[in-house]
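Visitor: Structure incoming, see below.
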Amino acid sequence: MTEMEIALSGYCKKDIAHCTYEELYTALLHIVEEKSRQRIAPVKGRKLYYISAEFLIGKLLSNNLINLGLYDDVKACLEAHGKSMAELEEVEPEPSLGNGGLGRLAACFLDSVATLNLPGDGIGLRYHCGLFHQNFENGLQNERPDFWLGGHDWAVKTSKTYPVSLAGADYTARLYQIAVTGYEGRTNFLNLFDLDTIDESLIGDGISFDKTDIAKNLTLFLYPDDSDDAGRLLRIYQQYLMVSAGTQMILEECMERGSDLHDLYDYAAVQINDTHPSMVIPELIRLLCEKDIDFDEAVEIVTRTCAYTNHTILAEALEKWPRHYLETVVPQLMPVIEKLDMIVRSKVEDVSTAIIDANNIVHMAHMDIHFTHSTNGVAALHTEILKNSELNSFYRLYPEKFNNKTNGITFRRWLLKCNPELTAFIESLIGPGFKKDASLLEKLADFASDEKVLHQLARIKQDNKRALAQWLNHTQGVTLNPDSLFAIQSKRLHEYKRQQLNLLYLIHQYFEIKSGHLPAAPLTAIFGAKAAPAYTIAKDIIHALLTLSQVIAADPEVSKWLQIVFIENYNVTAAEKMIPACDLSEQISLASKEASGTGNMKFMLNGALTLGTMDGANVEIADAVGNGNIYIFGQSSAQVIRRYGNGSYCAREWYEIDPNIRRAVDFLTGSEMLSRGSSEHLTRLHDEFIGKDWFQTLPDFNAYVVRKNQALSDYAFNSYDWTRRALINISRAGFFSSDRTIAEYNEDIWHLGV
Ligand SMILES: *Cc1c(COP(=O)(O)O)cnc(C)c1O
């Protein structure tokens, strides 16, 4: 028997062949936990605390096995006894503790910190339900709670608790820990706080629940709907629970390691991931003052300890709270916030940078920038836009605080785990070094004219497309044509990401095919996207895509050439199946609006070509691969910012002048669509295109059609060159490893001890 067989059958107390998948899963959970514990290493000097309302970690079993070097042993052992790794993975519920890119970034960062052997933990919340479970019924999104706890999860309950005062009442936050094992690296922790009193029976229809009973609902859901007062207050309750318990834990750890708190910054680096954890600043100051440190010194200590990451330039996403909300939930913080506001007002003339404005609105991002030592954007273009327009008045005050850290993804999940066939092939060509040193992928470029290599690369893509087709057939009962071009747009549904531009293209193609202008190759347009439950237009876009999908499927003339597939419940697990199967990666946000994007990097790494605008990290991807290896289209960010600035955009003019645009938009309310879809949704979307189109879809429409059809034709008529360009994309993806991003954070901001 192998060591793994002994361990597994030992835990299960029977022969592996006779174990259920649940039993095997539970046994592996214990084996992994034990192995992870052996890699806990002492901390010297500074330790990172990455505080974030979201950690979209995804399933952990296979990833942890890979990082601990156990995956191959386990797989072989299971197969020797007639068991499959894929079925075993099904037992684990996905912890969807994040909405999208921001939460996924936090998860990639934890992996890289541990892989680089740096001391650094995450701090967040143990939501009982992650992002809602989505399915489609009658062409509409349906939302159900996503329970992930209950025996099969990785969050270990500890005996550590911290008192937290919310709206004047006392609560007890309990610490749960998930071990984060680096690839051949150390073990760190994701610390998640929760109350013992949460009551899941509070959940009513769908994802509705009583938003007022704090003791029972505080951590019930990730991102409670904030379309009413109770929902907005609940977010503040959540944020403060995380911040207050987290702060107490940080101070306790630092003091245990010898800090007298005057030197806190020699022991801790706190990274504030977007504005949700911003209350950590006044809370730290408050607690330091309680320990007899005077206010000015506390401000200085906290400023040197904390750093802030900005994730968006969408004004509506920068959190601002009415003062009375904070007075209700965290009255103990208000005197601190007021004093910080006074400091700003006394030294800065520009009142637009004040923390509390004339309307008694508290601007969390302003507090972050004034009272941390670093503000970073998440891609080169994004940081430039922050410096030159959105946050220009702050940049002029503190040019030395602003810096860029282009996002990255962990290759262990987004290559090793999700695409084992490609990983093995790359390893056979250039050795295993790229798993830890992503820049070594460059060596792949040596094979760019090696016919055998390209042939094999194309075969792997084809295998992955078939695997996706099989999975979809199994889960949603749809049949895909693996010989068509797979173009995938998977990300949150948001108007700035412009799934509606893709929609207009698909309608356009429908007309072209009907009129005999056949495309160069059949196209499968694959979507994965959840819409925020209260986001009306986003839901209208989903409805239009689902309805169009039916119209096309029912038309044999068109369906030979065009198919639309909307994958239900897009999450990390689905992403891991979709991304390796993609030919063309749709990254078509309105230039200047997508801060970075990380989906774009995952697709590139897995050998897709990008069809995108010059936005976010697409700009750096284009730079890395060169113009011939990417399909760029559309307005530049400068043009877009100008159009917004002078208010000159008028959707109706574009609609009236361009017959193709008019034909596509009007199709939404034509008889084909109305006979299958809902007039309310389709009419609202139709009118939105003409009356508003805030994210300027129409000016980019023609350029998008041209570039996408160019891609179809290249794919159809020059498949050899397509694969060559895919190989170039993979070989240049090294820069987008989160190991590189984390090394930069550490070099410029954290300076962690090891
Ligand atoms: C990577 C990822 C995202 C972010 O995708 P973008 O295209 O960058 O918005 C969102 N959701 C999931 C599940 C992901 O894995």
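Visitor: State whether the residues of the range 529-542 include one that is polar (S, T, N, Q) and surrounded by fewer than 24 Cβ atoms within 10 Å (Cβ to Cβ). Talk me through it step by step, then tell me what you get.
Guide: Let us first name the residues in the range 529-542 that are polar (S, T, N, Q), namely 536.
Next, only the ones that are surrounded by fewer than 24 Cβ atoms within 10 Å (Cβ to Cβ) stay: 536.
The answer is yes, given that some residue of the range 529-542 is polar (S, T, N, Q) and surrounded by fewer than 24 Cβ atoms within 10 Å (Cβ to Cβ).
Visitor: Then there is this: Which is more than 28 Å from E94 (Cα to Cα) and touching a strand residue (DSSP E or B) at 6+ places or on another chain (Cβ under 9 Å), of A622, A544, A575? Reasoning before the result, please.
Guide: Working: A544 fails: touching a strand residue (DSSP E or B) at 6+ places or on another chain (Cβ under 9 Å); A575 fails: more than 28 Å from E94 (Cα to Cα).
Sole residue among the options that is more than 28 Å from E94 (Cα to Cα) and touching a strand residue (DSSP E or B) at 6+ places or on another chain (Cβ under 9 Å): A622.
Visitor: When you check D274 against the structure, is it farther than 26 Å from L102 by Cα, of a type in the set (D, E, K, R), touching a residue at least 60 places away in the same chain (Cβ under 8 Å) and touching a Ser or Thr at 6+ places or on another chain (Cβ under 8 Å), yes or no?
Guide: Details: farther than 26 Å from L102 by Cα: no; of a type in the set (D, E, K, R): yes; touching a residue at least 60 places away in the same chain (Cβ under 8 Å): yes; touching a Ser or Thr at 6+ places or on another chain (Cβ under 8 Å): yes.
Against the criterion (farther than 26 Å from L102 by Cα, of a type in the set (D, E, K, R), touching a residue at least 60 places away in the same chain (Cβ under 8 Å) and touching a Ser or Thr at 6+ places or on another chain (Cβ under 8 Å)), D274 does not qualify.
Visitor: Quick check on my filter: what residues within the range 614-623 are within 13 Å of the ligand (Cβ to nearest atom) and assigned to a loop (DSSP other than H, G, I, E, B)? Break it down stepwise before answering.
Guide: The first filter runs over the range 614-623 and keeps only residues within 13 Å of the ligand (Cβ to nearest atom), leaving 615-618, 621.
D615, G616, A617 - these are the residues of the range 614-623 that are within 13 Å of the ligand (Cβ to nearest atom) and assigned to a loop (DSSP other than H, G, I, E, B).
Visitor: Right, another one. When you scan the range 692-700, do you find a residue that is within 28 Å of A520 (Cα to Cα) and within 16 Å of the ligand (Cβ to nearest atom), even just one?
Guide: no
Visitor: Using the structure shown, decide if Q177 is assigned to a strand (DSSP E or B), within 16 Å of the ligand (Cβ to nearest atom) and either polar (S, T, N, Q) or surrounded by 21 or more Cβ atoms within 10 Å (Cβ to Cβ) (or both). Give the derivation first.
Guide: Working: assigned to a strand (DSSP E or B): yes; within 16 Å of the ligand (Cβ to nearest atom): no; either polar (S, T, N, Q) or surrounded by 21 or more Cβ atoms within 10 Å (Cβ to Cβ) (or both): yes.
Against the criterion (assigned to a strand (DSSP E or B), within 16 Å of the ligand (Cβ to nearest atom) and either polar (S, T, N, Q) or surrounded by 21 or more Cβ atoms within 10 Å (Cβ to Cβ) (or both)), Q177 does not qualify.
Visitor: Checking the condition at pLDDT 95 or above, more than 27 Å from K405 (Cβ to Cβ), among the basic types (K, R) and assigned to a loop (DSSP other than H, G, I, E, B), which residue from R676, R662 passes? I'd like the intermediate steps shown before the answer.
Guide: Details: R662 fails: assigned to a loop (DSSP other than H, G, I, E, B).
Result: R676 is the single residue among R676, R662 that is at pLDDT 95 or above, more than 27 Å from K405 (Cβ to Cβ), among the basic types (K, R) and assigned to a loop (DSSP other than H, G, I, E, B).
Visitor: Taking Y223, is it assigned to a loop (DSSP other than H, G, I, E, B) and of a type in the set (S, T, Y)? Spell out how you get there, then give the answer.
Guide: Numbers: assigned to a loop (DSSP other than H, G, I, E, B): yes; of a type in the set (S, T, Y): yes.
For Y223, the condition - assigned to a loop (DSSP other than H, G, I, E, B) and of a type in the set (S, T, Y) - is met.
Visitor: Which members of the range 463-479 meet the condition of being of a type in the set (A, V, I, L, M, F, W, C), crowded, with 20+ Cβ neighbours inside 10 Å and either modelled with pLDDT under 95 or under 22 Å from M604 (Cβ atoms) (or both)?
Guide: Within the range 463-479, the subset of a type in the set (A, V, I, L, M, F, W, C) is 467-469, 471-472, 478.
Now drop any that are not crowded, with 20+ Cβ neighbours inside 10 Å, which leaves 468, 472.
The answer is L468, and nothing else.
Visitor: Still on this structure, I have one more. Tell me which of these C19 doesn't satisfy, since it passes every other one: (1) within 16 Å of the ligand (Cβ to nearest atom); (2) buried (at least 20 other Cβ atoms within 10 Å of the Cβ).
Guide: (1)
Visitor: Would you check which residues across the range 576-607 are farther than 23 Å from Q456 by Cα and either under 16 Å from the mean Cα position of the chain (by Cα) or within 13 Å of the ligand (Cβ to nearest atom) (or both) and list them? Can you show your working first?
Guide: To start, the set of residues in the range 576-607 that are farther than 23 Å from Q456 by Cα comprises 586-600.
Within the range 576-607, E586, Q587, I588, S589, K593, E594, A595, S596, G597, T598, G599, N600 meet the criteria.
Visitor: Does K35 satisfy the condition of being within 16 Å of the ligand (Cβ to nearest atom), crowded, with 19+ Cβ neighbours inside 10 Å and not small (G, A, S)? If you could, list the steps in order and put the result at the bottom.
Guide: On the way: within 16 Å of the ligand (Cβ to nearest atom): no; crowded, with 19+ Cβ neighbours inside 10 Å: yes; not small (G, A, S): yes.
For K35, the condition - within 16 Å of the ligand (Cβ to nearest atom), crowded, with 19+ Cβ neighbours inside 10 Å and not small (G, A, S) - is not met.
Visitor: Additional query: Does the range 680-689 include one or more residues that are surrounded by 15 or more Cβ atoms within 10 Å (Cβ to Cβ) and not in a helix (DSSP H, G or I)?
Guide: No: zero hits.
Visitor: Does at least one position in the range 97-106 carry a residue that is at pLDDT 95 or above and within 15 Å of T181 (Cα to Cα)?
Guide: Yes, the range 97-106 contains at least one residue that is at pLDDT 95 or above and within 15 Å of T181 (Cα to Cα).
Visitor: Does any residue of the range 601-611 turn out to be under 30 Å from Q476 (Cα atoms), buried (at least 20 other Cβ atoms within 10 Å of the Cβ), hydroxyl-bearing (S, T, Y) and in contact with a strand residue (DSSP E or B) (Cβ under 9 Å, 6 or more places away or on another chain)?
Guide: Yes, the range 601-611 has at least one match.
Condition check ((1) modelled with pLDDT of 95 or more; (2) small (G, A, S); (3) out of contact with any Gly (no Cβ under 9 Å at 6 or more places or on another chain); (4) farther than 30 Å from L116 by Cβ) across all residues:
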site	(1), (2), (3), (4)
A179	yes, yes, yes, no
F189	yes, no, no, no
L202	no, no, yes, yes
G246	yes, yes, no, no
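Visitor: Follow-up. For the range 68-170, please list each of the helices (runs of 4 or more DSSP H) lying entirely inside it that holds at least 1 residues being within 16 Å of the ligand (Cβ to nearest atom) and closer than 30 Å to R257 by Cα.
Guide: Values: elements: 71-80, 85-91, 101-115.
Fully inside the range 68-170 and qualifying: 101-115.
Visitor: Which condition number does I301 fail, the rest of (1) β-branched (V, I, T); (2) buried (at least 22 other Cβ atoms within 10 Å of the Cβ); (3) over 19 Å from A167 (Cα atoms); (4) out of contact with any Ser or Thr (no Cβ under 6 Å at 6 or more places or on another chain) being met?
Guide: (2)
Visitor: Still on this structure, please answer the following. Six or more apart or on different chains, Cβ under 6 Å: which pairs go from a residue in the range 479-502 that's farther than 10 Å from L523 by Cα to one that's among the acidic types (D, E) and part of a strand (DSSP E or B)? Could you list them?
Guide: Listed pairs, sorted by first residue: Q489/E586.
Visitor: Could we say that I641 is within 16 Å of the ligand (Cβ to nearest atom), within 30 Å of K405 (Cα to Cα) and in contact (Cβ under 8 Å) with a residue 40 or more places away in the chain here? Before you say what the answer is, go through the steps one by one.
Guide: On the way: within 16 Å of the ligand (Cβ to nearest atom): no; within 30 Å of K405 (Cα to Cα): yes; in contact (Cβ under 8 Å) with a residue 40 or more places away in the chain: yes.
For I641, the condition - within 16 Å of the ligand (Cβ to nearest atom), within 30 Å of K405 (Cα to Cα) and in contact (Cβ under 8 Å) with a residue 40 or more places away in the chain - is not met.
Visitor: Are any residues in the range 18-57 part of a loop (DSSP other than H, G, I, E, B) and within 24 Å of V270 (Cα to Cα), and if so, which ones? Break it down stepwise before answering.
Guide: The first filter runs over the range 18-57 and keeps only residues part of a loop (DSSP other than H, G, I, E, B), leaving 19-20, 38-39, 41-46, 52-54, 56-57.
Residues satisfying the conditions are R39, A41, P42, V43, K44, G45, R46, S52, A53, E54, L56, I57.
Yes/no per residue for (1) surrounded by fewer than 24 Cβ atoms within 10 Å (Cβ to Cβ); (2) more than 17 Å from T161 (Cβ to Cβ):
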| residue | (1), (2) |
| --- | --- |
| L241 | yes, no |
| Q248 | yes, no |
| E253 | yes, no |
| E256 | yes, no |
| D260 | yes, yes |
| D263 | yes, yes |
| Q271 | no, yes |
| D292 | yes, yes |
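Visitor: Tell me the helices (runs of 4 or more DSSP H) entirely within the range 465-560 that contain at least 1 residues that are among the hydrophobic types (A, V, I, L, M, F, W, C) and within 16 Å of the ligand (Cβ to nearest atom). Working first, answer last.
Guide: Working: elements: 499-514, 536-553, 556-559.
Filter on the range 465-560 gives 499-514, 536-553.
The values are calculated or read from the model by the stated rules, or taken from the named source; none is laboratory data. Remember, it's a predicted structure, so these values are computed and weren't measured experimentally. Reconstructed Cβ throughout: ideal geometry from the backbone, glycine too, with neighbour counts over all protein chains shown.
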